[in-house]
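Structure first, commentary second.
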Amino acid sequence: MDDMVQIKKCLAGDGEAFEVLVTRYKNLVYGIALNLLHNKDEAADVTQEVFLKVWANLKRYNPEYSFKAWIARITVNHCINLNQKTRRAAAAAWDEEVVCRIAADKGLPEEELLAKEKQDRVRSAIESLPEMYRLVVILFHQQSLSYDEICQVTGYPLSIVKNRLYRARKMLCEKLSAYHGREAGKEEGLWAAGRHGSC
Amino acid sequence: MGCRKAWELLMRRMDGEIDRQNLRYLENHLMICPECREKHDSLSAVLMELDRTKPAAPESTEPKVMEKIRSVRHRETPLFLPYVVPAAALLTGILVFLFYEYAMDGPMAMINKAAQTLTIFYGAYQSVAAFSRFLFGSVYLNGVLIMTGLALLGGIPAFLHGQRVKRGVSKYWRSVK
Ligand SMILES: [Zn+2]
């Protein structure tokens, strides 16, 4: 694969070839780190640390596995270690950001405000998932890792990975439908109004 | 009725593993069942949100990572010393060997004289040569002894220096890890 070409170049002493790999996977590493650490500065630092680790351990990479999964695994382990070292109120940082955003949202047209509200709702549903469920959702649906790759990242067998993802989806449906129960009337009214207006 | 199957098919569709026939079944069910439609809409909203909020790493990631790698690589270069110095010492040894074995007997009497004035060095050479003659019955092997001596003399401190640098680098990696 193309990754392998770059890896071989790096191992042959071409340090600059590594930059291509950084560009290719930096969003993956940052995405996972942000999801597990909830802090942009820390996620950016961790992204650099992970790539230095990858570079230092490149010789130990086994080409039978996906390079993407290998990098993701190093990232997840690094973040877990970091979280264990500094057990902190991760959710607090997130809430702060939401509050800032809500303040900035004032003065938007109602339609956009509704869309934003919906986005926030969906986001908080995702955030409220237990960590390992959320991680599987992020890896599969946001970072486009395959089931095989997620098995390599988490070390779980396929049955558990599938089960986690299915249950996570179910939890998301439940959380979001609890909201829908409250708001359904209002939205249906809007929908009906729109319908009538256009006809 | 059929909601369980619809859910299964919805899961399969999210996995990207649904065939045409099942997809039609799912779509038909979603049209007639508001409950399943709501689940479908919730999950679509989740996927959209995940796509919309896909985090992008800072632009500075590459330069920062590459800068660190370059600085570590720079510190790694003295590791080559243990390989370079013995080779250089060996080459010097060979040159010395050739100089003594051939130039001395040739027309270069002046060089011969100059070399003889370096009594200590020449004396050392003479005793090595005598030792070699005694040991191997040949004067030519003394060149080999001189070469080995020089290689060891240059090689040992260079090797020790290399080891010290290497320890420093691995300590750095331990701190990164
Ligand atoms: Zn149904």
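Here are some notes:
- Residue in the stretch B:31-39 that is facing chain A (nearest Cβ under 7 Å) and either outside any helix (DSSP H, G or I) or in contact with a strand residue (DSSP E or B) (Cβ under 7 Å, 6 or more places away or on another chain) (or both) present: no
- When every residue of the stretch B:41-49 is checked against the conditions, at least one turns out to be part of a helix (DSSP H, G or I), within 20 Å of A:Gln142 (Cβ to Cβ), charged (D, E, K, R) and within 8 Å of chain A (Cβ to nearest Cβ).
- Scanning the stretch A:23-43 for residues that are crowded, with 19+ Cβ neighbours inside 10 Å and free of Cβ contacts under 8 Å to residues at least 24 places away in the same chain yields A:Tyr30, A:Leu34, A:Ala43.
- Residue match in the stretch A:46-63 (condition: assigned to a loop (DSSP other than H, G, I, E, B) and without any contact (Cβ under 8 Å) to a residue 12 or more places away in the chain): yes
- Considering the stretch A:70-120, and only residues there that are outside any helix (DSSP H, G or I) and not small (Gly, Ala, Ser), the residue that is modelled with the lowest pLDDT turns out to be A:Arg88.
- With respect to the stated conditions, A:Glu127 fails to be exposed (fewer than 12 other Cβ atoms within 10 Å of the Cβ) and modelled with pLDDT under 95.
- Out of A:Leu52, A:Leu34, A:Leu58, A:Leu21, sole residue that is at the interface with chain B (Cβ under 8 Å from one of its Cβ atoms) and over 21 Å from A:Leu135 (Cα atoms): A:Leu52
- Scope the stretch B:1-16; condition near the ligand (Cβ under 10 Å from one of its atoms), in contact with a helix residue (DSSP H, G or I) (Cβ under 8 Å, 6 or more places away or on another chain) and of a type in the set (A, V, I, L, M, F, W, C); matching residues: B:Cys3, B:Ala6, B:Trp7, B:Leu10
- Among the residues of the stretch B:17-48, those identified as away from the ligand (no atom under 16 Å from the Cβ) and within 28 Å of A:Ser124 (Cβ to Cβ) are B:Ala45, B:Val46, B:Leu47, B:Met48.
The values are calculated or read from the model by the stated rules, or taken from the named source; none is laboratory data. Here the structure is a predicted model, which is why all the values come from computation and not from measurement. Positions of Cβ are backbone-derived with ideal geometry, glycine not excepted, and every protein chain shown enters the neighbour counts.
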